[in-house]
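Down below is the structure, laid out as structure tokens.
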Amino acid sequence: MRTQVAIIGSGPSGLLLGQLLSLAGIDNVILDRASKDHILGRVRAGVLEEGTVRLMDEARSGARMHAEGLLHDGISLAFDGRDHRIDLFDLTGGKRVTIYGQTELTHDLMDHREQSGMLSINEAANVTPHDFDGNAPRVTYERHGVTHRIDCDFIAGCDGFHGVSRRSVPDKAIRTFEKVYPFGWLGILADVPPVNDELIYANHPRGFALCSMRSMSRSRYYVQCPLDEKIEEWDDRRFWDELRRRLPAHHAERVVTGPSFEKSIAPLRSFVAEPMRFNRLFLVGDAAHIVPPTGAKGLNLAASDVHYLFEGLREHYRDRSNAGLDAYSQRALARAWKAVRFSWWMTTILHRFPGTGAFDQKIQEAELDYLTHSRAAATALAENYVGLPF
Ligand code: FAS
Ligand code: PHB
């Protein structure tokens, strides 16, 4: 088989890139080792920046997002028993975020790909990129015991942090930067109304908590937990009690509890691989960078990578220019590092770090005090939270 762009990974990065390429008349095939059901069963992000919303519209896959997504003009920071609203809309001159689950976004992109008739190959085993340092790259994979080969012009490694693409790059050609945080997030989904109309990021001596949502009848909550925490030691009652302990009283007494239907622990890390291009192979999204979810940047960074790579590929095929492809890594990394910084900063000011000394605790309190009393400080948070320009 031959295609123009072979995409490894059918998560948000791969599906969004595939949809944009298809609409531009650029042939592409998506391969994923997982089944569609498995991919759709993953619960992850929930906050979309305006740039991500625009890309979904450009991909003609945004109708349900606009119909069901919730527009939010602000978030709240809660500490010392009070909460402080950060007016994103006012501080950024009219920008806002859209609350719409990654699962739904992935579903929409998958549905549109099926309607377009473009090829996705799921449950593909041993997907392997070859000869991307030359001019005739190809991807092989196995299915039902048969090895297949796809010759292509370019390979997009959209296969996430644990994918094969980054691992296929020789060690001497890639440099990685990593910071692992000494805690994780225990998250639940429950069909109960959210405690607040907007998100609440809480800093409490017992640890961080986040009140989020998927709709006005489905809530997404997280509490910071030790890295060695066992999910089976957290029944719903324990979760609800701990969440309420970490919220200001006027929120805690309003939490509507109910049975969770999803409960999981995610580790937190910051990670960046440089560069993001290796001749005919391009790393996209989580394959190239990971951020702690505190800044709601992971999915949105994947979207801006897709924007830069799609622009470059379209220029290559339409204008016979490689300027966009040559600039991809530098442009994507410039935006990625600013999101990595913001996500690290939000994590450091909102979480309780084991072994934090008195001085560092006072610095964290001063950060929060400055944020809630300085328009300049709040503006800096707001412009990063709604998403820096592409
Ligand atoms: P993905 O990991 O989503 O997709 C990669 C795809 O590649 C998968 O479908 C996988 O099956 C496939 N793949 C992997 N290896 C392969 C191989 N060898 N061969 C073929 N296919 C292969 N972001 C936020 O903004 N907010 C959040 O709250 C948030 N929470 C998260 C919680 C968890 C547990 C995780 C893991 C991530 C979270 N993220 C969050 C980040 C997340 O949303 C990612 O940024 C987003 O999924 C990135 O999308 P992709 O780059 O497509 O990678
Ligand atoms: C979520 O709703 O899953 C969510 C929202 C904001 C974050 C992280 C996760 O910062």
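The values are calculated or read from the model by the stated rules, or taken from the named source; none is laboratory data. From a predicted model like this one, the values you see are computed outputs, not experimental measurements. Cβ sites come from the backbone with ideal geometry, for glycine too, and all protein chains shown count toward neighbours. What goes into the accessible areas is simple: the full protein's heavy atoms, side chains included, and nothing from ligands, DNA or RNA. Shrake-Rupley method; radii C 1.70, N 1.55, O 1.52, S 1.80 Å.
Worth a mention:
- Some residue of the stretch 349-368 being modelled with pLDDT of 95 or more and farther than 29 Å from P226 by Cβ: no
Okay, residues lined up against (1) in contact with a Pro (Cβ under 9 Å, 6 or more places away or on another chain); (2) crowded, with 21+ Cβ neighbours inside 10 Å; (3) closer than 28 Å to S264 by Cβ:
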site: F89; (1), (2), (3): no, no, no
site: K95; (1), (2), (3): no, no, no
site: T103; (1), (2), (3): no, no, yes
site: D111; (1), (2), (3): no, no, yes
site: I121; (1), (2), (3): no, no, yes
site: Y141; (1), (2), (3): no, yes, no
site: G157; (1), (2), (3): yes, yes, yes
site: V164; (1), (2), (3): yes, no, yes
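- Listed by first and then second residue, the pairs linking a residue in the stretch 179-193 that is at negative phi and open to solvent by 10 Å² or more (accessible area, probe 1.4 Å) to a residue that is in a strand (DSSP E or B) and modelled with pLDDT under 95, with Cβ atoms under 6 Å apart and 6 or more places separating them unless they lie on different chains, form an empty list.
- Subset of the stretch 29-40 that is in a helix (DSSP H, G or I) and in contact (Cβ under 8 Å) with a residue 40 or more places away in the chain - its residue that is surrounded by the fewest Cβ atoms within 10 Å (Cβ to Cβ): L40
- Some residue of the stretch 71-87 being within 16 Å of ligand 2 (Cβ to nearest atom), aliphatic (A, V, I, L, M) and part of a loop (DSSP other than H, G, I, E, B): no
- Test: residue in the stretch 318-336 that is part of a helix (DSSP H, G or I), closer than 19 Å to Y181 by Cα, open to solvent by less than 20 Å² (accessible area, probe 1.4 Å) and more than 16 Å from ligand 2 (Cβ to nearest atom): yes
- The listed residue being within 16 Å of ligand 2 (Cβ to nearest atom), assigned to a loop (DSSP other than H, G, I, E, B) and open to solvent by 30 Å² or more (accessible area, probe 1.4 Å), out of D133, D228, D197: D197
- Number of the condition not met by V43 [criteria: (1) within 11 Å of ligand 1 (Cβ to nearest atom); (2) within 22 Å of S165 (Cβ to Cβ); (3) open to solvent by 20 Å² or more (accessible area, probe 1.4 Å); (4) in contact with a strand residue (DSSP E or B) (Cβ under 6 Å, 6 or more places away or on another chain)]: (2)
- For the residues F342, F271, F310, F278, the requirement of being of a type in the set (F, W, Y), crowded, with 23+ Cβ neighbours inside 10 Å and touching a helix residue (DSSP H, G or I) at 6+ places or on another chain (Cβ under 9 Å) singles out F310.
- Evaluation of I349 against (1) part of a helix (DSSP H, G or I); (2) hydrophobic (A, V, I, L, M, F, W, C); (3) open to solvent by 10 Å² or more (accessible area, probe 1.4 Å); (4) farther than 28 Å from R54 by Cβ (one fails), failing number: (3)
- Which listed residue is within 30 Å of L368 (Cβ to Cβ), out of contact with any helix residue (DSSP H, G or I) (no Cβ under 7 Å at 6 or more places or on another chain) and at pLDDT 95 or above, from G51, G25, G93: G93
- Selection from the stretch 356-390 of residues that are over 24 Å from the mean Cα position of the chain (by Cα), in a loop (DSSP other than H, G, I, E, B) and touching a residue at least 24 places away in the same chain (Cβ under 8 Å): none
- The set of residues from the stretch 48-68 being of a type outside the set (V, I, T), surrounded by 23 or more Cβ atoms within 10 Å (Cβ to Cβ) and in a helix (DSSP H, G or I) comprises L55, M56.
Matching residues to (1) within 14 Å of ligand 1 (Cβ to nearest atom); (2) not in a helix (DSSP H, G or I):
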position	(1), (2)
D241	no, no
L247	no, yes
H251	no, no
T257	no, yes
S264	yes, yes
F271	yes, yes
F282	yes, yes
D286	yes, no
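- Given (1) small (G, A, S); (2) on the phi > 0 side of the Ramachandran plot; (3) touching a Pro at 6+ places or on another chain (Cβ under 8 Å), number of the condition A78 does not satisfy: (2)
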